[in-house]
Every structure is written in C-alpha cells, then in structure tokens.
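Data first, discussion second: the structure below is written as structure tokens.
The values are calculated or read from the model by the stated rules, or taken from the named source; none is laboratory data. Not measured: the values here are computed from a predicted model. Please note: Cβ atoms are built from the backbone with ideal geometry, for glycine as well, and neighbour counts cover all protein chains shown. These accessible areas exclude ligands, DNA and RNA; they are computed on the full protein's heavy atoms, side chains included. Shrake-Rupley method; radii C 1.70, N 1.55, O 1.52, S 1.80 Å.
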Amino acid sequence: MASNEEIKAAIEELVARGEKASVRKIWAHLGNSGSFIQIQPVLKAWRMAQAAKSAEQFLTRIKAPLCTQN
C-alpha cells in the first residue's frame, strides 16, 4: 500500500512530465500499488490545493495594479 506522501510524489512526477494526473496513471506510476479508493482523495486534495494556489496567484497579480491606481 502506498503512503499519501508517495501518492503526492507520483502526482508531482506525472505533472512535471506534462501528463494529467489521474487515479489510473498514479496507480500505474506506483507500480500498481495502493487502491483507487486510497488514491482518489489524495488526488482530489492535491487538485483543490493547486486550484487555491492558482486563485491566490491570480488575485495577487490583479490586486497589485489596482493598489497603485489613484
């Protein structure tokens, strides 16, 4: 059984190679280790964290010009 850290590392490796992380790809990357039921919530949490990070970066980019206008 794969740990959550191993699953996250597999996600990062897949994404770094330009692939879209999916439960099946992560499972195969882990050598068919872990279960889809174990991988899915980790992938969902990772995607949510990425979305939050993207939203924060976007808001930072649009806020800066607005703060400099008088």
For the chain, the charge dipole (Cβ of Lys, Arg +1; Cβ of Asp, Glu -1; about the Cα centre) points to a positive end, and the Cα of S3, S54, H29 closest to that extreme belongs to S54
Given unit charges at Cβ for Lys, Arg (+) and Asp, Glu (-), the dipole magnitude of the chain about its Cα centre in debye, nearest 20, is 280
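Give the carbon-plus-sulfur fraction of the accessible surface of the chain in %, rounded to a whole number; probe 1.4 Å, heavy atoms of protein chains only. Numbers along the way, then the final one.
Values: 3060 of 5190 Å².
Solvent-exposed carbon and sulfur of the chain make up 59 percent of the total.
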In degrees, nearest 10, the alpha-carbon axis of helix 4-16 is tilted away from the dominant principal axis of the alpha carbons of the chain by 70
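At a threshold of 8 angstrom on Cα-Cα distance, excluding pairs fewer than six apart, so keeping six or more, what relative contact order does the chain reach in percent? Don't skip to the end; give the middle numbers.
Details: 40 pairs, mean separation 21.4, N = 70.
Relative contact order of the chain: 31 percent.
Which order do the peptides 34-45, 13-24 take when ranked by the mean count of other beta-carbon atoms within 10 Å per residue, highest first?
Working: 34-45: 15.1, 13-24: 12.2.
Going by the mean number of other Cβ atoms within 10 Å, highest first, we get 34-45, 13-24.
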Probe 1.4 Å, heavy atoms of protein chains only: per residue, the accessible area of the chain in Å² is 74
In the list (i) 13.6, 39; (ii) 16.4, 58; (iii) 12.1, 39, the entry giving Rg and Dmax of the Cα atoms in Å computed from the coordinates is (ii)
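What number, rounded to the nearest 500 deg cm²/dmol, is the helix-based mean residue ellipticity at 222 nm of the chain, given -39500 (n - 2.57) per DSSP H run of at least four residues and division by all its residues? Spell out each step's value before the answer.
Values: 3 runs with 53 residues, N = 70.
Rounded to the nearest 500, it is -25500 deg cm²/dmol.
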Summed over the other residues with a beta carbon less than 14 angstrom from that of A21, with K and R at +1 and D and E at -1, the charge totals +3
Any lysines whose Cα falls less than 18 Å from that of K63, other than same-chain ones fewer than 8 residues away, would be K53
